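The values are calculated or read from the model by the stated rules, or taken from the named source; none is laboratory data. Remember, predicted model here, so these are calculated numbers, not experimental data. All Cβ positions, glycine included, derive from the backbone under ideal geometry; neighbour counts span all protein chains shown. Side chains are part of the model used for accessible areas, which takes the heavy atoms of the whole protein and leaves out ligands, DNA and RNA. Shrake-Rupley method; radii C 1.70, N 1.55, O 1.52, S 1.80 Å.
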Amino acid sequence: GAGVSQSPSNKVTEKGKDVELRCDPISGHTALYWYRQSLGQGLEFLIYFQGNSAPDKSGLPSDRFSAERTGGSVSTLTIQRTQQEDSAVYLCASTELAGRSNEQFFGPGTRLTVL
Amino acid sequence: AQSVAQPEDQVNVAEGNPLTVKCTYSVSGNPYLFWYVQYPNRGLQFLLKYITGDNLVKGSYGFEAEFNKSQTSFHLKKPSALVSDSALYFCAVRDRPRAALIFGKGTTLSVSS
């Protein structure tokens, strides 16, 4: 079946502009995660959605970052007033259950470059 | 606090030789451990996981990992490396439900022919 998809695959923007990154999880997966992969920082957790529960936003680096998940499926990560340090690959993952043992399936990522 | 350490930024092996990519972790409670691989310009692919049971876990592409509780390690191994195994490998841990994965910084594996 279809895996996790993300769009766009690449995004180049100017400092100060807002960007939206989209994630389509695997159908039926109730949990969705956003991570950021940047040079020297490895993979960092940003935010997590599980069903209708309030999202875990503990990994968001600043209030310029926000995310929503509509209808329990598609998620959008929004970065306002982008800065150069926001340049990174943003990865989305989904899993069937947010249990301890279930592996997360990752999308190909969106490479964001802030000029 | 949870943490994962991958002490080697890069591992170089010759094709046909065994390979080991090291990972140590620190969590409170029982760990649930994962290995992922990332090929250039691709997302992360799941390789294997340790939940409970046998300390030796077998996964995709001939990889295996050994869980050692006393040493808090979860090293990735393969008996005979292939050039196509060259990629970036991440170890990750979670210790409770509804938790995100905590990743190591990754180890680049380079297999030469």
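Tabulated data
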read-out: Enumeration of residues in the range B:47-72 that are within 10 Å of the chain's Cα centre (by Cα), of a type outside the set (Asp, Glu) and open to solvent by 20 Å² or more (accessible area, probe 1.4 Å); value: B:Lys49
read-out: Filtered residue count, the range B:73-103, keeping only those that are under 16 Å from B:Ala1 (Cα atoms) and more than 7 Å from every other protein chain (Cβ to nearest Cβ); value: 5
read-out: Single residue of the range A:43-98 satisfying the filter (touching a Gly at 6+ places or on another chain (Cβ under 8 Å) and acidic (Asp, Glu)) that is farthest from the other protein chains (Cβ to nearest Cβ); value: A:Glu96
read-out: Residue count, the range B:58-100 (criterion: within 29 Å of B:Glu15 (Cβ to Cβ), touching a strand residue (DSSP E or B) at 6+ places or on another chain (Cβ under 7 Å) and in a loop (DSSP other than H, G, I, E, B)); value: 5
read-out: Condition met for B:Glu15 (more than 14 Å from chain A (Cβ to nearest Cβ), acidic (Asp, Glu) and in contact (Cβ under 8 Å) with a residue 24 or more places away in the chain); value: yes
read-out: Enumerated strands (runs of 3 or more DSSP E) restricted to the range A:28-115, each holding at least 1 residues that are open to solvent by 50 Å² or more (accessible area, probe 1.4 Å); value: A:42-50, A:65-69, A:110-114
read-out: Restricting the range B:27-57 to residues that are part of a loop (DSSP other than H, G, I, E, B) and within 16 Å of B:Tyr89 (Cα to Cα), the residue that is nearest to the other protein chains (Cβ to nearest Cβ); value: B:Gly43
read-out: Subset tally (residues that are under 16 Å from B:Thr52 (Cβ atoms), touching a Phe, Trp or Tyr at 6+ places or on another chain (Cβ under 8 Å) and open to solvent by 10 Å² or more (accessible area, probe 1.4 Å)) for the range B:73-113; value: 1
read-out: Hits in the range B:15-30 (condition: modelled with pLDDT of 95 or more and open to solvent by 30 Å² or more (accessible area, probe 1.4 Å)); value: B:Glu15, B:Gly16, B:Asn17, B:Pro18, B:Thr20, B:Lys22, B:Thr24
